[in-house]
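A short write-up of the structure that comes next.
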Amino acid sequence: MSSVKIELRQDQIDKIHTICDSFGNQSGELINVLHKCQETFGYLPAEVQEVIAEKMEMSAAKVYGVVTFYSFFTMIPKGKHPISICTGTACYVRGAETVLNEFKKQLEIEVGETDVNGVFSLSCLRCVGACGLAPVVQVGDKTYGRVAPDDVKAIIKDYID
Amino acid sequence: MSLVKLTIDGNKVEVPAGTTIYKAAKQMDIDIPILCYMDLKDLNIENKPGGCRICSVEVEGRRNLAPSCSTDVTEGMVVKTNTMRVINARRTVMELILSDHPKDCLSCAKSGNCDLQDMAVKLGIREIPGQEYAEMSTYRLDTSPSIIRDLDKCIMCRRCETMCNDFQTVGALHAVNRGFNAVVAPAFEMNLEHSPCTYCGQCVAVCPTGALTEVDHTAKVIRALNDPTKTVVVQTAPAVRAALGEEFGMEPGTRVTGQMVTALKQLGFDYVFDTDFAADLTIMEEGTELLGRLKKHLEGDENVKLPILTSCCPGWVNFFEYNFPDLKDVPSTARSPQQMFGAIAKTYFADKIKVDRKDMVVISIMPCLAKKYECQREEFSVDGNPDVDFSISTRELAHLIKQANMDLNKLKEDEFDAPLGESSGAAVIFGATGGVIEAATRTAYELHTGKTLDKIDFKQLRGMEGIRSATVDFDGLDINIGIAHGLGNARKLLDEVRAGKSKYHAIEVMACPGGCIGGGGQPLHHGDASILQARIKAIYDEDEGKTIRKSHENPYIVKLYDEFLGEPLSEKAHELLHTHYFDKRKKIFQV
Ligand code: SF4
Ligand code: SF4
Ligand code: SF4
Ligand code: FES
Ligand code: FES
C-alpha cells in the first residue's frame with residue numbers, strides 16, 4: 001500500500017486514458033496497460049490505478065489485485081538510483097543472495113522498497129544475459145560484475161556525493 | 001447434448017458431456033466434500049477456483065488425484081470418491097488449511113454454523129501436525145458499520161469475491177497479493193468502509209468461515225433490556241418471520257410470526273411492534289409520490305423524472321449513491337420502512353406514552369446487514385440521537401432467543417402490540433422480490449382510479465427471475481413496471497435509465513436474491529433456491545390470510561395521518577418520512 005499521496009495533473013490523466021484506449025479498454029489487456037503506465041510513471045500509485053479502473057470500467061479492487069499479484073509492478077516510486085540484483089540461476093549459484101542480503105542490510109530496505117531519502121531502491125531481476133559476470137548487479141544503467149558482499153559498500157558509495 | 005458414461009464408486013451413471021465429476025456424483029446422492037466450490041445454480045452463480053482440493057477423488061489411470069469440482073467427466077471414466085488414498089489426501093489438505101487458521105472456534109461468531117469447522121469434524125481431525133512451526137498469516141481486523149472482516153480466518157475460497165463481483169457487480173472485493181500474503185480485500189487494502197461496498201451482506205452469506213461476519217449487537221440488546229430507565233421498542237421486518245424458524249430446525253417456509261412475538265415479549269421488550277406498519281406508511285408516501293410524478297409527466301412536465309425507483313432497500317440505496325450519483329433524483333425520496341418506523345416511534349409514539357426520545361431505545365430485527373449501516377446515517381438522527389438505535393439480523397435474534405433458553409418450537413403464538421403493530425397484507429409482501437411494487441400498485445390503483453380492485457393479487461409481478469417486467473392496466477392507463485433483484489440485475493435497468501431508454505414508469509429494486517427473504521442477515525440458504533421459494537410462499541400466505549390487504553385501509557395508518565401527519569407528502573411527512581441522497585463516489589478512497 002502506497003504511503004505517498006499524489007494528485008494527478010490533467011495531462012497525466014489524459015496520458016493514462018490514451019494508454020487505455022490504445023489497448024481498446026479491453027479488460028484482457030489490463031496487464032499491458034499497467035506495464036505501459038508503469039513505464040510512463042515509473043511506478044503505479046493508487047491514483048493511477050483508480051483512473052485506469054474508471055476508464056476500463058472495472059473495479060479498482062481488481063486492478064489492485066493484479067498490481068499486487070505480479071512482483072514486476074510496484075506502487076512505490078523507484079529511487080534516484082535503482083539497484084537491481086540478478087537472481088537468475090547462474091548468479092544465484094554464485095552467491096547473488098548474499099549480495100542481496102548485504103544490500104538490504106546496508107540500505108535498511110527490503111526488495112521492492114525505496115530508502116527514506118528516495119536515493120536507492122532495491123529489486124531483483126531474472127537473468128540479464130551476462131552470466132559470465134555472475135553475480136551481476138545493476139545500478140541505473142551501470143552494470144557491476146562478479147560482485148561479492150564485500151563490494152557492496154563501495155558500490156553504494158559511488159552514488160552518495 | 002451427447003451423454004457420457006462413467007462409473008463412480010462402482011455404480012454406472014450417464015451424464016451430459018461437460019458435467020463435472022462432483023455434479024455427476026451429486027446426481028447419485030454422493031456428496032463429495034467441498035470448501036471453495038459454490039454452486040448457486042438457481043442464481044446462475046458458480047465459484048470454481050479449484051483451489052482447496054478437499055474435493056479430490058481418484059480417477060483410474062491418472063497418477064494424481066483430481067479435484068472433482070473442476071474436472072469434467074470423460075467416457076468410460078472410473079472414479080472412486082472414498083478410497084484410503086482420497087481420505088488421506090483430504091485430511092492432509094485440511095491439516096494444511098488448519099495449520100494457518102486461528103484455533104478460537106469456541107468464541108468465533110461462526111461457530112456451529114461454519115463449513116470449515118464442520119469439515120474438520122467430518123474428517124475427524126484431532127491434531128494438526130507441525131503447527132508449532134507453522135507461521136500464521138495475520139491481517140488486521142476491519143470493522144465497518146455492518147460487517148467485520150477477520151482475514152486471519154480466510155481460506156481464500158473467493159466465494160465472497162464471486163458474489164460481490166459477478167452477482168452484485170459492486171466490485172468491492174478482490175484477491176490481492178501473492179502466496180502467503182494473499183487475501184481478499186478492497187482496493188489498496190482500504191477498509192470496507194472506504195470501498196464501494198453496499199453492505200448487502202451477500203459475501204457474509206456465503207463465506208464458509210468466520211472471516212466475514214456481521215457486526216453483532218446482541219450484547220447491546222441485552223444491555224438495553226436490562227436498563228430500567230429505558231423504554232425498549234422492537235420492530236421486526238417482514239422477511240424475518242419467514243426464515244427465523246429455520247434456525248430452530250423448522251422446515252423452510254414455516255411462518256413463526258406469533259412465536260417470534262412471544263419470544264420478544266419474554267425477552268423483555270416493552271413494545272413489540274412490526275416494521276410492516278411502517279411498510280404500509282412507505283406505500284402511502286411512495287405511492288402518492290409515484291402518482292404525483294406520473295400525473296405531471298402525463299401533463300408534459302419535463303422536469304419530472306420517470307421511472308420512479310423504490311428506495312426501501314438500503315443496500316440498493318448505497319449502490320446507486322456510488323454507481324449512479326448522476327441519477328440521484330430518480331429514486332423515490334421515501335425512507336425505508338425501518339427508518340420510517342424509527343421516526344414515528346420516537347415522535348408520535350413517544351409523545352403518546354410520554355417518554356422522552358432519549359429514554360427510548362428502538363431496535364430493529366432485520367434480514368439485512370445494510371440496515372445496520374442505514375440506522376447510523378447522520379440524516380436519520382435528531383441531535384445525535386438516532387431514530388433507530390441499532391439493528392440486529394435474523395441470525396442474531398435466533399442467538400438471543402437461544403441464549404434465553406427458549407425454543408421457538410415450544411412457544412405459543414402472540415400478537416403484536418398496538419398501534420405500531422398493525423399491518424396490511426400489502427406490507428407483509430415487502431419481504432419478497434416484487435412485493436413492494438405489488439403493494440404500491442394495490443394502493444396507487446385505487447387512489448388513482450377511485451375504484452376498488454376486485455382482484456388484489458398481481459401474479460404477473462411475482463417470480464424469481466432476476467429481471468421481470470409487467471404492464472398493469474390502471475383503468476385505461478398502462479403502467480409499465482420493472483423489477484430487479486440482485487444488484488447486477490439492477491445495474492442493467494439503471495443503465496437503461498441513464499441512457500434514456502427505459503420503458504418503465506416504476507422500478508422496484510432489491511439488493512438481495514429473492515428480495516429481503518434472501519438477505520445477508522438471514523439463516524444461511526447455501527444457494528438453495530427452493531429455500532428462498534419456500535420463504536416467499538410463506539410471505540404470500542401471510543398476506544392472503546390478512547383481512548386488510550391494502551396499505552391505505554390499515555386503520556392505524558389512517559389514524560396516524562388524521563392525528564399527526566396530515567396527509568401523504570405533507571410538510572410533516574417530508575420531515576419525518578423522506579430523505580435525500582448523496583454522491584458517495586467522492587467519499588471513497590479519500591483516506
Ligand atoms: S456486503 Fe455486498 S457489496 Fe459489500 S463486499 Fe459484501 S457482497 Fe460486496
Ligand atoms: S473471506 Fe470468506 S468467502 Fe471470502 S475468500 Fe475468505 S473464506 Fe472465502
Ligand atoms: S434486499 Fe432487503 S435484505 Fe437485502 S440489502 Fe436490501 S433491504 Fe437489506
Ligand atoms: S543469471 Fe544473472 S546474468 Fe544470467
Ligand atoms: S472444492 Fe474443489 S477444489 Fe475446492
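What are the pairs, 6+ residues apart or on separate chains, where a residue within the stretch B:177-188 that is in the same structural domain as B:GLU161 (by TED's automatic domain parsing) has its Cβ under 7 Å from a residue that is buried (at least 18 other Cβ atoms within 10 Å of the Cβ) and among the charged types (D, E, K, R)? Once the first residue is in the same structural domain as B:GLU161 (by TED's automatic domain parsing) and sits in the stretch B:177-188, its partners that are buried (at least 18 other Cβ atoms within 10 Å of the Cβ) and among the charged types (D, E, K, R) give B:VAL184/B:ARG158; B:VAL184/B:GLU161. Within the stretch A:75-103, the set of residues being within 30 Å of A:ALA60 (Cβ to Cβ) and out of contact with any strand residue (DSSP E or B) (no Cβ under 9 Å at 6 or more places or on another chain) comprises just one member, A:MET75. Screening the stretch B:38-114 for strands (runs of 3 or more DSSP E) wholly inside it with 1 or more residues that are more than 30 Å from B:CYS164 (Cβ to Cβ) returns the ranges B:56-59, B:77-80. Of the residues B:ARG178, B:ARG223, the single one that is within 14 Å of chain A (Cβ to nearest Cβ), basic (Lys, Arg) and surrounded by fewer than 18 Cβ atoms within 10 Å (Cβ to Cβ) is B:ARG178. In the stretch B:192-202, of all residues being more than 8 Å from chain A (Cβ to nearest Cβ) and touching a residue at least 60 places away in the same chain (Cβ under 8 Å), the one that is surrounded by the fewest Cβ atoms within 10 Å (Cβ to Cβ) corresponds to B:HIS194. Yes or no: B:TYR581 hydroxyl-bearing (Ser, Thr, Tyr), assigned to a loop (DSSP other than H, G, I, E, B) and touching a residue at least 40 places away in the same chain (Cβ under 8 Å)? Yes: the conditions hold for B:TYR581. Among the residues of the stretch B:189-221, count how many are of a type in the set (Asp, Glu) and more than 18 Å from the chain's Cα centre (by Cα). The qualifying residues number 2. Of all residues in the stretch B:7-38, those being basic (Lys, Arg) and away from ligand 5 (no atom under 16 Å from the Cβ) number 1. Among the residues of the stretch B:143-167, the one identified as within 11 Å of chain A (Cβ to nearest Cβ) and in a loop (DSSP other than H, G, I, E, B) is B:ARG158. Evaluation of B:PHE188 against the conditions (1) more than 24 Å from B:SER364 (Cβ to Cβ); (2) at pLDDT 95 or above; (3) buried (at least 20 other Cβ atoms within 10 Å of the Cβ); (4) within 14 Å of chain A (Cβ to nearest Cβ) shows that the sole unmet condition is (2). Candidates in the stretch A:65-75 are the residues that are of a type outside the set (S, T, N, Q) and surrounded by 18 or more Cβ atoms within 10 Å (Cβ to Cβ); of these, the one that is nearest to ligand 4 (Cβ to nearest atom) is A:PHE73.
The one condition from (1) within 14 Å of chain B (Cβ to nearest Cβ); (2) of a type in the set (A, V, I, L, M, F, W, C); (3) more than 30 Å from B:VAL170 (Cα to Cα); (4) touching a helix residue (DSSP H, G or I) at 6+ places or on another chain (Cβ under 7 Å) that A:PHE103 does not meet is (1). Being away from chain A (no Cβ under 14 Å) and within 16 Å of ligand 1 (Cβ to nearest atom) holds for only one residue in B:ASN47, B:ASN64, B:ASN88, B:ASN11, and it is B:ASN47.
Which condition does B:ARG140 not pass, out of (1) touching a residue at least 60 places away in the same chain (Cβ under 8 Å); (2) charged (D, E, K, R); (3) within 14 Å of chain A (Cβ to nearest Cβ), if it passes all the others? The number of the failed condition is (1). Within the stretch B:44-58, residues that are at positive phi and near ligand 5 (Cβ under 10 Å from one of its atoms) have Cβ atoms under 6 Å from residues that are in a strand (DSSP E or B) and of a type outside the set (D, E, K, R) in these pairs: B:GLY50/B:PRO67; B:ARG53/B:PRO67, counting only partners at least 6 apart in sequence or on another chain. Scanning the stretch B:359-398 for residues being in a strand (DSSP E or B), more than 18 Å from B:ILE344 (Cα to Cα) and of a type in the set (Ser, Thr, Tyr) gives a total of 1. There is at least one residue in the stretch B:312-326 that is out of contact with any Pro (no Cβ under 8 Å at 6 or more places or on another chain), under 17 Å from B:LEU577 (Cβ atoms) and in the same structural domain as B:PRO419 (by TED's automatic domain parsing). If you scan the stretch B:304-342, which residues turn out to be under 19 Å from B:SER570 (Cβ atoms) and either surrounded by fewer than 24 Cβ atoms within 10 Å (Cβ to Cβ) or within 16 Å of ligand 4 (Cβ to nearest atom) (or both)? Within the stretch B:304-342, B:SER332, B:THR333 qualify. A single entry from A:VAL147, A:VAL116 fulfils the requirement of being in contact with a strand residue (DSSP E or B) (Cβ under 7 Å, 6 or more places away or on another chain) and at negative phi: A:VAL147.
Of the residues in the stretch B:375-395, at least one is of a type in the set (A, V, I, L, M, F, W, C), farther than 30 Å from B:GLY112 by Cβ and more than 16 Å from ligand 4 (Cβ to nearest atom).
The set of residues in the stretch A:49-77 that are within 18 Å of A:SER121 (Cβ to Cβ) and either part of a helix (DSSP H, G or I) or facing chain B (nearest Cβ under 9 Å) (or both) comprises A:VAL67, A:THR68, A:TYR70, A:SER71, A:MET75.
The values are calculated or read from the model by the stated rules, or taken from the named source; none is laboratory data. Quantities reported herein were computed from a predicted structural model and do not represent experimental measurements. Cβ: placed from backbone, ideal geometry, glycine included. Neighbour counts: every protein chain shown.
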